[in-house]
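K.L.:
I have a structure I would like to understand better, so I am pasting it below and will then ask my questions one at a time.
The values are calculated or read from the model by the stated rules, or taken from the named source; none is laboratory data. All of these numbers come straight from a predicted model, not from anything done at the bench. Cβ: placed from backbone, ideal geometry, glycine included. Neighbour counts: every protein chain shown. With ligands, DNA and RNA removed, areas are computed over all heavy atoms of the protein, side chains included. Shrake-Rupley method; radii C 1.70, N 1.55, O 1.52, S 1.80 Å.
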Amino acid sequence: MKPAFAENAWTAVRDALQSGKKAVAILPCGATEAHGPHLPLNTDVIISETMAARALPLLEQRGYAAAILPALAYMPAEYAQAFPGTVTVSTATAKALMLDIAMSLKAQGFACLALANSHFDPANVAMLREAAEDIRARGLPVAFPDFTRRKLAQTLTEEFQSGACHAGQYETSLIMAARPDLVDETGRLKLRDNPASLTDAFAKGARSFAEAGGPDAYFGFPRNASAAEGDESFKVMASALADTIAEAASN
């Protein structure tokens, strides 16, 4: 089976399901939303897809037949909706789509659905947690490494843990590692540091990036970003994804 699920003929998927290996479908979850003036709208999608791609060799070593589904590029993104280019959908719409996808995979015989998510809007994270539980209740194991949980968050960068990490050093580094051609380097180096914590602002009731202290839709320190940091973060994320899949698929 080819790594990109949708590039396979149906016969290749059939053969993978009949190979004797546990078949795993990885669903990259992202958003189409503003990520500062220097990163593309599909930043989260790129990060989730790259995380999934870097997990594939780890899964192959463990004997799984894994492929990456077409990404979900439209998710709840209300905090960024004031910025042109952001496309947000309701949590009900996103959850219903995920449940339908999961049940289709279960009917075909997949052993596990994995969620590779890098869109940390609170409404989206809550929806993913609920969807994962509902899918498990319907009989399909789900692997969801939730990087907003403290245990996994502590494996990522200091900026990520601070909450000042939307289109900042953390995410910019990841895009520099995955798609450097999409980073506006000239613009990035002109951006001022913005240490405002989204996590703290959300807890205090902020309902938009502007209210949280990000009038240009970025938080953190994009000038400090590097491809090397991005590569290291991807290693951590891919390993967490592979470990979570192994745990879920073994149940």
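K.L.:
Using θ = phi - 60° and the Karplus form 6.51 cos²θ - 1.76 cosθ + 1.60, what ³J(HN,Hα) does each residue of region 169-180 get, whole Hz, x for Gly and Pro?
P.N.:
4, 4, 6, 4, 4, 5, 6, 5, 7, 8, 9, x
K.L.:
Where a Cα-Cα gap under 19 Å defines reach, which aspartates and glutamates qualify for Lys204, not counting those fewer than 8 residues away within the same chain?
P.N.:
Leaving aside aspartates and glutamates fewer than 8 places away in the same chain, those within reach of Lys204 are Glu78, Asp121.
K.L.:
Would you kindly compute the Cα radius of gyration of region 120-251 and its largest Cα-Cα separation (Dmax), both in Å?
P.N.:
Here Rg and the maximum Cα pair distance are 16.3, 50 Å.
K.L.:
Show me, for region 54-70, the HN-Hα J-couplings you get by feeding each phi into the Karplus relation (A = 6.51, B = -1.76, C = 1.60, θ = phi - 60°), rounded to Hz, glycine and proline as x.
P.N.:
3J(HN,Hα) across region 54-70, in whole Hz: 6, 7, 4, x, 5, 6, 4, 4, 8, x, 8, 9, 10, 8, 9, 5, x.
K.L.:
Using the Karplus equation 6.51 cos²θ - 1.76 cosθ + 1.60 (θ = phi - 60°), what ³J(HN,Hα) coupling, rounded to whole Hz, does each residue of region 93-99 give in order, writing x for Gly and Pro?
P.N.:
Whole-Hz 3J(HN,Hα) from phi for region 93-99: 5, 5, 5, 4, 5, 5, 5.
K.L.:
Could you tell me the center-to-center distance, by alpha carbons, between region 201-251 and region 1-16 in angstrom?
P.N.:
Spelled out, the Cα-based centre of one part sits 30 Å from the other.
K.L.:
Given the Cα atoms of region 48-111, and with Rh set as the inverse mean 1/r over their pairs in the Kirkwood sense, what is Rg to Rh to two decimals?
P.N.:
Details: Rg = 15.3 Å, Rh = 14.2 Å.
Here the Rg-to-Rh quotient is 1.08.
K.L.:
Starting from the Kirkwood Rh over alpha-carbon pairs, what translational D in µm² s⁻¹ does the chain have by Stokes-Einstein at 25 °C and 0.890 mPa s?
P.N.:
Here the translational diffusion coefficient equals 134 µm²/s.
K.L.:
Going down the table (Lys2/Lys106; Lys2/Lys190; Lys2/Lys235; Lys95/Lys235; Lys22/Lys235; Lys95/Lys190), which pairs top 30 Å between alpha carbons?
P.N.:
Those over the limit are Lys2/Lys190; Lys95/Lys190.
K.L.:
Helix-only estimate, please: 222 nm mean residue ellipticity of the chain, summing -39500 (n - 2.57) across DSSP H runs of length 4 or more and dividing by its residues, to the nearest 500.
P.N.:
Result for the chain: -14000 deg cm²/dmol, rounded to the nearest 500.
K.L.:
What is the helix-to-structure angle for 122-137, meaning the angle in degrees between its Cα long axis and the longest Cα principal axis of the chain, kept from 0 to 90 and rounded to the nearest 10?
P.N.:
Approximately 10 degrees, to the nearest ten.
K.L.:
Tell me, what is the per residue accessible area of the chain in Å², probe radius 1.4 Å?
P.N.:
I get 44 Å² per residue for this part.
K.L.:
Which percent of the accessible heavy-atom area of region 1-65 goes to carbon and sulfur, probe 1.4 angstrom?
P.N.:
Summing carbon and sulfur atoms, their accessible area is 53 percent of the total for region 1-65.
K.L.:
Ignoring ligands, DNA and RNA, what percent of the 1.4 Å accessible area of region 131-212 is carbon and sulfur?
P.N.:
47
K.L.:
Toward the positive end of the charge dipole of the chain, about the Cα centre and with charges on Cβ (Lys, Arg +1; Asp, Glu -1), which of Phe234, Val45, Ala4 goes farthest?
P.N.:
Comparing the listed Cα positions along the dipole, Ala4 ranks first.
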